[in-house]
Structures are given as structure tokens and as C-alpha cells.
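The values are calculated or read from the model by the stated rules, or taken from the named source; none is laboratory data. Just so it is clear, the model here is predicted, and its values are computed rather than measured. Heads up, the Cβs are rebuilt from the backbone with ideal geometry, glycines too, and the neighbour counts pull from every protein chain shown.
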Amino acid sequence: MTNGTGQGPTSHLLEADGLVHYADFGGPTDGPLLVGVHGLGGSHLNWSAVAPLLVERNRFLAVDLLGHGKTPAAGRTPDITSHVALLDGFLRQVSDRPVVLVGNSLGGLVAALCATSAPDLVAGLVLIDPALPTARLGMVHPRVMSNFVLCAVPGVGERYLSARRNRTTAEQTVRRVLRSTCVDPGRVPADVVDAHIALTVAGDRALGDSAYLASARSLSWVMARSGPTVMRLADIDRPVLHLHGDRDALIPLAAARRMAEGRTRWRLEVARDIGHAPMLEAPVWTALRIQEWLDGDGADVRSACVQPTGSTSPVS
């Protein structure tokens, strides 16, 4: 979980209409800036297996969305709109050049929406098993359907999460999430798992569940009423690298193929025998695909992100 200097990521807070936490994994200040955006219930630690593999040639920051990780909700509503606003404000403070947004699941949707609302901030997108609505509804996994129901009924989600929290430890919670997102959780580096457990122990699990539920309800609303979001996402005019596990139980590969249909600047790469979180389960494969894209099809993205000679990034 160390960066290119052999040190771990450094933790920072900044003010962007409220406190925002992010982790700096290091990398050259004159290289492209990659910003990781985690999924539902995740945190900056979701990038701690793959980021160290990318920082030899790129800078990597990982932001915590509202109510997730170490970013407090503090009166703010952890819904899709607010997550996008947080990301927008964060990017304006940490870089004076466009960045590459690297988003997983819910974070993929937040990153994509940010690219449509503030295209000047985004040079390109790396979407990893993103939760993007499509015009044609495909087969819905029972786990996803149950989550829709859980989120939709007032009071039910709160009672369920409270009961689950009271009967499970922080370690059991982390390992349950890994079982649902990975084909083989044993592939996730042990130190990365330990860091997730430590963060869960240190945090307020009740507040975390509240943010999870608000975000899940917002995501469910977007997915169920997909039309406006599908039209908005059609306006993405940035190069996209889409990485997707072929055994993702939450967002099937068929949905990923539909997302890429007819998009000339959208490149889909499939991770074999991998689930919903390739950056955790297959970090080497994920890092190689990202770097190959930046050096090849995404070379113009890389050029747009590179700091001019002699300039200094705000995060340096």
C-alpha cells in the first residue's frame, strides 16, 4: 500500500463548501493527475492496491465522498447531486489543469456526471464497473433488486442496517463487502484489507450507514428513472477507458457492453474471472490497462493533464 517512494499515502483535509478528505498517494508533480472516486460505502482506501502501481509516472489522489471515509456529511446530504458538487469543488482546488477521473461503481457515475457538468475540469475518464443507467433495462441481479426495495421503503433500510450493524463486527463488515464485490476476496492484498478494517473500527458506523443509505436511495432513484441521466451521459465528449469484471454480480458485463455501444471514444476492456472491484481484486491488471491507455489511445488525455514546464500543481 506504499507509493513510489516506499511511503504510504498522506491524509489531507481541505475546505470545499465543507470539509473534504483525500489521500495523496504521491507521484511526479509534473505528471498527469489521476483522481480516484470510490463506490457506494467505500473510501479512499479502495484505491490503495492500484494507486502505488501508477505513481511512478502519474500523480494519484483519492477523494472521500460525502459521509464516506473521512469526509463528514456535516449537514450535507450524501446524494448523487451533492457528491458531484463535492467532486467539482475538490477538483477546482487541487489542480489548475484537467485531470483523469478514475471512478468505480457509484464513483463512476459521479465522475461521469462531473465530466458533463464541468468538462473543463476533466481530460478523460477511467470508469471501473460504473453504475451507469442505460436506455434498455437488462437482467437485474436479485441482490441489486433487493437493495432497490430496501432503499425505497422509508424506515425499512434504517432498521435493517441498524440490526446488521449490531450483530456484526467491523472486520465482518469489511469481509462481507469484499465477498459481494470480488470473485475471490483472497486476491485483495492483506494490508489493504487490514487498512479497511482499521478505518471501519475508527469511524462512526451509524453515521456511515446513514450516508450509505442516502447515497443508495439516490442511486436507486437515478437507475429507476434513467431517462434524464442517460441523455446527460450521452453528452460525454471525453475519451473513456471502461474496465469491467466479467463476473460482476452487481453490474453485469452485458450492461457494460450496452454502455459502450456506438461510442467511438469509449474503449471497453474486460477483466476475466474478476468481480465488481478490479482495482482491489486485480490491481496489476487494472494498472496496466490504465497506463497502456494513457500511453496509447489516451495520449491526448495525458497531454492535457501534464503540468506546463516550470509550473507547480496546487497539491504539490
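Of all residues in segment 180-202, one or more are surrounded by fewer than 20 Cβ atoms within 10 Å (Cβ to Cβ), at pLDDT below 95 and under 19 Å from the mean Cα position of the chain (by Cα).
Restricting segment 1-40 to residues that are modelled with pLDDT under 95 and in contact with a Phe, Trp or Tyr (Cβ under 6 Å, 6 or more places away or on another chain), the residue that is surrounded by the fewest Cβ atoms within 10 Å (Cβ to Cβ) is A16.
It is to be established whether one or more residues within segment 122-135 are farther than 26 Å from L253 by Cα, more than 12 Å from the chain's Cα centre (by Cα) and modelled with pLDDT of 95 or more. Give the steps one after another, and end with the answer.
Going residue by residue through segment 122-135, those that are farther than 26 Å from L253 by Cα are none.
No, segment 122-135 contains no residue that is farther than 26 Å from L253 by Cα, more than 12 Å from the chain's Cα centre (by Cα) and modelled with pLDDT of 95 or more.
Is there any pair with a first residue in segment 157-171 that is under 16 Å from A214 (Cβ atoms) and a second that is at pLDDT below 90 and in a helix (DSSP H, G or I) whose Cβ atoms are under 7 Å apart and which are 6 or more apart or on different chains, and what are they? Here the result reads G157/L150; G157/C151; Y160/L150, each pair linking segment 157-171 to a residue that is at pLDDT below 90 and in a helix (DSSP H, G or I).
Here is a check on your reading of the model: is R267 in contact with a Leu (Cβ under 6 Å, 6 or more places away or on another chain), surrounded by fewer than 23 Cβ atoms within 10 Å (Cβ to Cβ) and not hydrophobic (A, V, I, L, M, F, W, C)? Lay out the reasoning, then the answer.
Details: in contact with a Leu (Cβ under 6 Å, 6 or more places away or on another chain): yes; surrounded by fewer than 23 Cβ atoms within 10 Å (Cβ to Cβ): yes; not hydrophobic (A, V, I, L, M, F, W, C): yes.
When the stated conditions are applied, R267 passes them.
Give the residues of segment 89-129 that are surrounded by fewer than 24 Cβ atoms within 10 Å (Cβ to Cβ) and either of a type in the set (S, T, Y) or free of Cβ contacts under 8 Å to residues at least 24 places away in the same chain (or both), sorted by residue number. Those that are surrounded by fewer than 24 Cβ atoms within 10 Å (Cβ to Cβ) and either of a type in the set (S, T, Y) or free of Cβ contacts under 8 Å to residues at least 24 places away in the same chain (or both): S95, T116, S117, D120. Only residues that are without any contact (Cβ under 8 Å) to a residue 24 or more places away in the chain and under 18 Å from V102 (Cβ atoms) were counted across segment 252-287, and they come to 2. Can you report the number of residues in segment 225-237 which are part of a helix (DSSP H, G or I) and either under 25 Å from E281 (Cβ atoms) or of a type in the set (A, V, I, L, M) (or both)? Within segment 225-237, residues that are part of a helix (DSSP H, G or I) and either under 25 Å from E281 (Cβ atoms) or of a type in the set (A, V, I, L, M) (or both) number 3. Considering T81, T10, the condition of being over 21 Å from D129 (Cβ atoms), without any contact (Cβ under 8 Å) to a residue 40 or more places away in the chain and among the hydroxyl-bearing types (S, T, Y) is satisfied by T10 alone. D300 satisfies every condition listed in (1) closer than 25 Å to R59 by Cβ; (2) surrounded by 17 or more Cβ atoms within 10 Å (Cβ to Cβ) except (2).
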